[in-house]
Amino acid sequence: MPKPLTIAPQPSAASGPSPAVLGTYARQDIVFASGAGSWLTTISGERYLDFGSGVAVNALGHAHPQLVAALTAQAEKLWHTSNLYRVAGQERLAEKLVRATFADKVFFCNSGAEACEGAIKAARRYHYVGGAPERNRIITFEGAFHGRTLATIAAAGNAKYLEGFGPEMPGFDHLPLGDLEAVEQAIGPETAAIMIEPIQGEGGVRVASPTFMQGLRALCDEQGLLLVLDEVQSGMGRTGLLFAHEASGIRPDIMAIAKGLGGGFPVGAFLVTDAVARALTPGTHGSTFGGNPLAMAVGETVFDIVSEKGFLEGVRLKANRLKQSLHGLKDLFPDVVEEVRGEGLLMGLKVKPPVADVVKAVIGEKLLVVGAGENVVRILPPLNVEDSEITEASARLSRALAVFSKNKQ
Ligand SMILES: *Cc1c(COP(=O)(O)O)cnc(C)c1O
């Protein structure tokens with residue numbers, strides 16, 4: 001006799017975190033029930049101003065009417081067919097990405113880590129097909145974050161994320177960010193590529209200077225290496241440019257994107273030039289879910305909105321307003337705020353008290369922000385944030401920072 005199924009009582013979100021969810025996150029004890037624009041509402045009806053955007057994912061805020069319409073319209077037609085067949089939405093979004101960037105071809109996946117994995121595979125395969133299989137090492141930078149898969153934790157080289165997970169995948173050389181001479185010296189006959197985030201997000205909103213980016217491009221050109229950009233966080237309009245690297249006037253060979261691309265629907269992609277694409281023939285890479293019709297319907301709509309005339313200019317204007325108010329807070333609380341960092345709406349406050357304490361205090365003021373490396377508070381509002389919301393966020397930040405300051409005004 002099979003044991004009868006016992007129906008456990010449904011846990012209520014209000015009664016505390018369920019032990020059934022693996023404890024890999026240090027979560028805030030808040031449960032959101034709905035969102036609209038830059039605002040989130042908890043299950044008990046409290047409203048939070050969201051300047052974290054689900055870590056730069058909700059590029060157009062919550063429940064954007066056009067994204068909701070695109071997703072629901074697609075949901076009624078077709079969810080999934082696999083990549084055994086052509087996917088119309090992939091072809092449309094790929095065409096748009098190709099027209100707007102350095103790239104000739106796009107591969108769709110489901111996350112940032114997968115996009116970076118694909119980018120790493122593409123770089124190695126390019127040299128393999130070119131008759132130099134020994135060229136399989138990639139230069140990366142200290143403080144980097146490329147995801148949590150075995151290859152991407154090895155790529156970033158952060159000991160905290162590698163510990164206890166067995167042999168570190170070989171093939172990565174980690175160098176200090178910004179030291180072009182060190183890069184030049186590290187390049188050897190086995191070097192395949194240089195991989196970098198134009199702005200390190202998780203690492204603490206560390207901006208790679210245009211001169212450094214240009215220097216890397218020049219080294220790649222001289223030595224026949226590929227320049228791989230991880231714009232998972234910095235891309236899709238986050239800095240006020242479609243992609244952050246445009247600020248330095250360089251073009252990569254491979255670029256990983258995700259986060260903002262789906263505006264909250266999971267999707268990633270890597271983009272390549274024709275020269276790299278030639279190495280990735282049928283059978284060399286794949287994904288069951290990658291580029292499914294739901295993801296593509298939302299991704300295309302996000303892309304269309306971000307590409308509308310004037311949209312990115314609007315992001316730059318809002319970014320200036322935000323930057324000014326953050327500098328104002330630094331002037332007001334010099335004993336709490338050490339530095340204002342970032343570009344566009346990917347901003348950081350390097351603080352003096354422990355960042356977790358500051359984030360907690362800010363969230364206590366019903367403003368969501370995100371911690372990052374180097375004791376930095378990340379501030380990532382939706383790209384369509386209102387001016388009045390920037391003013392409100394600044395007031396809430398000010399109240400939270402005052403708690404840590406001798407200046408109590
Ligand atoms: C978030 C992030 C990733 C990983 O993305 P996941 O979707 O979490 O796998 C990779 N690179 C950068 C720069 C990121 O910010």
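The values are calculated or read from the model by the stated rules, or taken from the named source; none is laboratory data. Please read all numbers here as calculations on a predicted model, not as lab measurements. Glycine gets a Cβ as well: all are built from the backbone with ideal geometry, and neighbour counts include every protein chain shown. Accessible surface areas use protein heavy atoms only, side chains included; no ligands, DNA or RNA. Shrake-Rupley method; radii C 1.70, N 1.55, O 1.52, S 1.80 Å.
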Check your understanding: List the pairs whose first member sits in segment 308-328 and is farther than 21 Å from Val362 by Cα, whose second member is at pLDDT 95 or above and assigned to a helix (DSSP H, G or I), and whose Cβ atoms are under 9 Å apart, counting only residues at least 6 apart or on separate chains?
Key -> Phe311/Ile305; Leu312/Val306; Val315/Val306; Leu317/Asp387
Check your understanding: Can you name the condition, by its number, that Thr301 falls short on among (1) farther than 19 Å from Gly201 by Cα; (2) outside any loop (DSSP other than H, G, I, E, B); (3) among the β-branched types (Val, Ile, Thr); (4) over 20 Å from the mean Cα position of the chain (by Cα)?
Key -> (4)
Review point. Restricting the search to segment 251-270, which residues are more than 13 Å from the ligand (Cβ to nearest atom) and either buried (at least 20 other Cβ atoms within 10 Å of the Cβ) or part of a helix (DSSP H, G or I) (or both)?
Key: Pro252, Asp253, Ile254, Gly263
Exercise for review: Give the residue that is least open to solvent (accessible area, probe 1.4 Å), with candidates limited to residues of segment 146-160 that are β-branched (Val, Ile, Thr) and either assigned to a loop (DSSP other than H, G, I, E, B) or near the ligand (Cβ under 8 Å from one of its atoms) (or both).
Suggested key: Thr152
Point to revise | Flag for Ala193 being buried (at least 22 other Cβ atoms within 10 Å of the Cβ) and either assigned by TED's automatic domain parsing to the domain that holds Met236 or not aromatic (Phe, Trp, Tyr) (or both) | key: yes
Study note, to complete from the structure: Looking across segment 189-236 at residues that are assigned to a loop (DSSP other than H, G, I, E, B) and touching a Pro at 6+ places or on another chain (Cβ under 6 Å), the single one that is farthest from the ligand (Cβ to nearest atom) is Ala208
Check your understanding: Being of a type outside the set (Phe, Trp, Tyr) and either at pLDDT below 95 or on the phi > 0 side of the Ramachandran plot (or both), is that true of even one residue in segment 98-108?
Key -> no
Check your understanding: Quick one: Ile138 ticks every box in (1) of a type in the set (A, V, I, L, M); (2) more than 15 Å from the ligand (Cβ to nearest atom); (3) not in a helix (DSSP H, G or I) bar one, so which box is it?
Key -> (2)
Review point. Quick check: is even one residue across segment 269-279 of a type in the set (Lys, Arg), over 15 Å from the mean Cα position of the chain (by Cα) and closer than 20 Å to Glu91 by Cβ?
Key: yes
Point to revise | Identity of the residue in segment 329-355, assigned to a helix (DSSP H, G or I) and touching a residue at least 40 places away in the same chain (Cβ under 8 Å), that ends up farthest from Gly260 (Cα to Cα) | key: Leu332
Practice item. Please work out which residue is surrounded by the most Cβ atoms within 10 Å (Cβ to Cβ), limiting yourself to segment 310-351 and to residues that are within 26 Å of Met236 (Cβ to Cβ) and small (Gly, Ala, Ser). Key: Gly348
Exercise for review: Quick one: in segment 99-131, of everything that is more than 16 Å from the ligand (Cβ to nearest atom) and without any contact (Cβ under 8 Å) to a residue 60 or more places away in the chain, which residue is nearest to Gly263 (Cα to Cα)?
Suggested key: Arg99
Practice item. Please work out which one of (1) more than 16 Å from the ligand (Cβ to nearest atom); (2) out of contact with any strand residue (DSSP E or B) (no Cβ under 7 Å at 6 or more places or on another chain); (3) not assigned by TED's automatic domain parsing to the domain that holds Gln90 is the condition His327 fails and give its number. Key: (2)
Check your understanding: Right, Gly143: open to solvent by less than 50 Å² (accessible area, probe 1.4 Å) and within 16 Å of the ligand (Cβ to nearest atom) or not?
Key -> yes
Review point. Any idea which of (1) in contact (Cβ under 8 Å) with a residue 24 or more places away in the chain; (2) within 16 Å of the ligand (Cβ to nearest atom); (3) closer than 29 Å to Glu374 by Cβ is the one Pro176 doesn't satisfy?
Key: (2)
